[in-house]
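The values are calculated or read from the model by the stated rules, or taken from the named source; none is laboratory data. Since the model is a prediction, treat every value here as computed from it, not as a measurement. Glycine also receives a Cβ, built like all others from the backbone with ideal geometry; neighbour counts cover every protein chain displayed. For the accessible areas, the whole protein counts, side chains as well, though only heavy atoms, and no ligand, DNA or RNA atoms are used. Shrake-Rupley method; radii C 1.70, N 1.55, O 1.52, S 1.80 Å.
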Amino acid sequence: MFSRLSQIARHLSRPVPNYAHRAAASLQATPYTSSIMAATSSTQTKGLIHTAACLIIGDEVLGGKTVDTNSAYLAKFCFSAGINLKRIEVIADDESEIVEAVRRMSKNYDFVVTSGGIGPTHDDITYQSIAKAFDLPLKQHDAAFERMKRLSKPHPSQPNFDWNTPSAALTAKKRMIILPYNDSIPDEEQVIFIDDSLWVPVACINGNVHILPGVPRLFEKMLDGLKPTLLPRLADPEGKGVLRILISTPLPESAVAEYLTQLAARAEPKGVKVGSYPRWGKENNTVTLVGRDVEFMESIVVEVEKAVQGHRVRVEGEDDPEEADPQKTEVA
């Protein structure tokens with residue numbers, strides 16, 4: 001593949017508020033500057049979203065019990081919105097790992113999404129870990145609690161459950177609405193309800209860290225619900241996103257490598273990436289052009305088709321020959 005990311009992970013000793021990402025990070029953290037940022041955070045203009053990172057949190061993912069689909073969904077979401085997803089990490093339900101990763105991602109990327117670890121049990125430690133990462137208290141969010149009481153129903157195995165009676169079950173449920181909270185910024189900037197039918201909030205911490213559940217159906221619905229709040233900060237607010245052109249070629253990668261290397265050097269100044277992807281067990285491989293410069297990309301399609309002896313396709317694999325059905329094969 002011709003598109004590879006080279007990242008160096010750095011451990012940050014202390015997080016810096018990220019209300020405007022790089023603009024906030026450029027200020028040295030002192031009691032004076034911290035008070036200035038806290039006082040002006042509600043009116044400070046947030047920067048455009050160019051880059052994103054995804055943090056999948058869960059021992060069950062690392063142990064193979066659960067297959068992560070949320071990062072793939074976020075990747076498609078970012079691609080369609082024109083956001084450059086630069087990093088995906090999977091880490092354990094471990095406080096120190098969560099603290100380190102979320103601090104680093106918040107500093108280095110404009111839009112950060114975490115997935116998992118916000119349930120009612122002892123191993124759901126995402127909220128408390130992220131609160132620690134940014135020196136924030138954990139507070140019960142009363143509006144979220146009221147929505148929880150109104151929209152959720154007790155499990156059939158808990159017929160005697162009462163929202164007004166202290167119990168172990170009530171304490172467990174409240175774990176899901178005890179959030180990292182900054183009293184110095186408006187509530188609507190840090191607790192987002194994306195749908196009237198859901199009580200689960202998206203907690204937005206440090207200006208750019210969005211905490212989502214790990215359940216794929218909820219993750220997808222809540223991520224999609226965030227888009228209206230993100231649109232004003234997108235570099236491409238019309239939602240045109242990034243163009244991806246697919247070219248199917250029968251040639252092996254070794255036969256097209258030299259040409260693609262030269263093409264990549266020409267395309268890079270235009271902000272266009274050239275990719276090559278083998279398709280194991282298939283007759284054709286795929287060459288891709290990815291970028292925003294539509295005019296340039298369209299202008300080189302014919303050239304690329306000729307150089308790789310291929311043709312443009314809408315969907316990878318659409319030109320694959322149909323495999324014979326052994327049950328329909330006649331036997332002489």
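Would you mind telling me the share, in percent, of accessible area of the range 46-195 contributed by carbon and sulfur at probe 1.4 angstrom? Reported share for carbon and sulfur atoms: 53 percent.
With an a/c value of 1.5 or above and a/b not larger than b/c for the gyration tensor axes a ≥ b ≥ c computed over the alpha-carbon atoms, the range 60-105 is described as oblate. For Lys107, the lysines whose Cα falls under 20 Å of its own Cα, not counting residues fewer than eight places away in the same chain, are Lys46, Lys86, Lys132.
Find the all-direction average of the projected area of the Cα convex hull for the range 244-292, expressing the result in square nanometres with one decimal place.
Details: hull surface 12.7 nm².
Here the figure is 3.2 nm², rounded to one decimal.
If R0 is 22 Å, the Cβ-Cβ spacing of Tyr259 and Lys282 corresponds to a FRET efficiency of close to 0.60. Note on Cys78: accessible area is roughly 0 Å² with a 1.4 Å probe, heavy atoms of protein only.
Starting with the highest mean, order 222-231, 203-212, 157-166 by the number of other Cβ atoms within 10 Å, averaged over the residues of each peptide.
The most tightly packed comes first, giving 203-212, 222-231, 157-166.
When N is the residue count of the range 94-162, what does its C-alpha Rg come to as a fraction of 2.2 N^0.38 Å?
On the way: Rg = 15.5 Å, N = 69, 2.2 N^0.38 = 11.0 Å.
Relative to the rule-of-thumb radius for its length, the range 94-162 sits at 1.41.
In terms of overall dimensions, the C-alpha atoms belonging to the range 150-259 reach 71, 38, 22 Å along their principal axes, ordered largest to smallest.
Taking a ≥ b ≥ c as the square roots of the eigenvalues of the alpha-carbon gyration tensor, the range 185-240 is classed oblate because a/c is 1.5 or more while a/b is no larger than b/c.
Taking only Cα atoms of the range 206-313, what ratio of Rg to Rh do you get with Rh as the Kirkwood inverse-distance radius?
Using Cα coordinates only, the ratio equals 1.11.
When all protein chains stay in place and ligands, DNA and RNA are ignored, the 1.4 Å accessible-area order of Glu295, Glu318, largest first, is Glu295, Glu318. Straight-line cross-link partners of Lys139 among the lysines, defined as a Cα under 17 Å from its Cα and at least 8 positions apart when in the same chain: Lys173, Lys174. Among the protein heavy atoms, those of Glu100 account for about 40 Å² of accessible surface (1.4 Å probe, every chain in place).
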